[in-house]
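Each reported figure results from applying straightforward, stated rules to the coordinates on display, with no laboratory input. None of these values were measured; they are calculated from a predicted model. When we count neighbours, we look across all protein chains shown, and the Cβ atoms used for this are built from the backbone with ideal geometry, even at glycine.
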Amino acid sequence: MKLLAPEALQHLPAVILPRLIQMFGSTTPPLLVEIRQHASAGNLPAMAQAAHKLKGSCVSLGAEQMAEICKTLQHKGECGDAAGISALLEELEGIYPATLAALQTI
């Protein structure tokens, strides 16, 4: 799966795209922290809500890989399934910098 789906950005007005990417860059790190904190505390429903919020941002900017991981985290949180959450979080945190960098080159 690609980091980005550039076709997802085609529906956004070019004039607002830089601002959306900037917002993604500033709002994602706190959401990643929030997801990890809720997961570490065992508060899976709250983790699911935070993952859902981040998923929305990822989908709107075409960040496919991040969106897919957020979707999985959301589902696990809603189902109370803690298995594999740590590995998913590491993967999500690991691909965020490359995703942001790819967005910033558009």
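Assuming charge only on the beta carbon of Lys and Arg (+1) and of Asp and Glu (-1), the dipole of the range 20-104 about its Cα centre is about 180 debye to the nearest 20.
Say R0 is 41 Å: what FRET efficiency, to the nearest 0.05, do L17 and A41 get from their beta-carbon distance? Intermediate values should be presented prior to the final figure.
Numbers: r = 36 Å, r/R0 = 0.87.
Efficiency, from the Cβ-Cβ distance: 0.70.
Computed from Cα atoms, the angle from the helix 64-79 axis to the main principal axis of the chain rounds to 30 degrees. Computed from Cα positions, the angle between helix 44-61 and the longest principal axis of the chain comes to roughly 10 degrees.
Between helix 17-41 and the chain there is an angle of about 10 degrees, using the helix long axis and the longest principal axis of the Cα atoms. Between (i) 25, 12, 12; (ii) 72, 13, 8; (iii) 34, 15, 14, which entry matches semi-axes √(5λ) of the Cα gyration tensor in Å as derived from the coordinates of this structure? Structure-derived value, by its label: (i).
Could you tell me the relative contact order of the chain? Use alpha-carbon pairs under 8 Å, at least six residues apart, and round to a whole percent. Mind showing how you got there, number by number?
Values: 111 pairs, mean separation 37.8, N = 106.
This gives 36 percent for the chain.
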